[in-house]
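First the structure, in the form of structure tokens, and then the observations on it.
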Amino acid sequence: MSCALTQGYNLDCRNSVAGIKEVHIIEFDNVSTITAAAGVISGITKATGKKFWKYSLIKQTGSAEEAIQVNEENGTLHVNQTIKFPTAKLQAAVRNEIMLLAQNRLMMVVVDNNGIGWLYGQINAMLMNTGAKAMTGVKFGDRNGYEFDFVGFEPVLAQQVDAATLSTLETVG
């Protein structure tokens, strides 16, 4: 059988936290090679002069999610990927960048609050979803800023990005 199971799962220590702390974004076409084995990425080659742009997040506001979609009748399987996060304060520079993000196919590395990176949009890219929006808020304590919402459809779950590769994302290729 080509899809034979290879391991079980045991409960681990309770030393994990939820949420994401940063997202690194690059245009999909500016990544030329990804080196990976056993679900772990050990290298990302960027086009000359290109880099991932880091988006630092407000704590406890961002999320990344993957949902495996199986269609028994058609014998298909794919993964829906979603990344959502807000920014504070409406600003022209952020508004302009949102318009560029909306026009692009993107590759994104999410760094969770455990310090582990995950590559989203590796094969088919991530796209800004229609859920992204700008808002003024109503009350003084409401959010005044933008909400980013990205979606992707991949054949497999996101691969982990090793620490050495994470440290090179913002380095120009």
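The values are calculated or read from the model by the stated rules, or taken from the named source; none is laboratory data. If you're wondering where the values come from, they're calculated on a predicted model, not measured in any experiment. Here the Cβ is made from the backbone with ideal geometry for all residues, glycine too, and neighbour counts use every protein chain on show.
Within segment 103-173, which strands (runs of 3 or more DSSP E) (wholly inside it) include 1 or more residues that are out of contact with any helix residue (DSSP H, G or I) (no Cβ under 6 Å at 6 or more places or on another chain) and of a type in the set (S, T, N, Q)?
159-161
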Selection from segment 41-59 of residues out of contact with any Leu (no Cβ under 8 Å at 6 or more places or on another chain), surrounded by fewer than 20 Cβ atoms within 10 Å (Cβ to Cβ) and farther than 15 Å from residue 120 by Cβ yields 42, 43, 45, 47, 48, 49, 50, 56, 58, 59
Checked segment 124-165 for anything among the small types (Gly, Ala, Ser) and surrounded by 13 or more Cβ atoms within 10 Å (Cβ to Cβ); matches are 125, 132, 134, 145, 152, 158
Picking from 68, 98, the residue that is touching a residue at least 24 places away in the same chain (Cβ under 8 Å), exposed (fewer than 12 other Cβ atoms within 10 Å of the Cβ) and among the aliphatic types (A, V, I, L, M) would be 68
Item to check | Meets criteria (free of Cβ contacts under 8 Å to residues at least 60 places away in the same chain, over 20 Å from residue 146 (Cα atoms) and in contact with a Ser or Thr (Cβ under 7 Å, 6 or more places away or on another chain)) for residue 76 | outcome: no
Answer yes if at least one residue in segment 86-95 is assigned to a strand (DSSP E or B), within 17 Å of the chain's Cα centre (by Cα) and farther than 22 Å from residue 172 by Cα, and no otherwise.
-> yes
The condition of being surrounded by fewer than 18 Cβ atoms within 10 Å (Cβ to Cβ) and either modelled with pLDDT of 95 or more or within 15 Å of residue 157 (Cβ to Cβ) (or both) holds, among 121, 115, 62, 75, only for 115
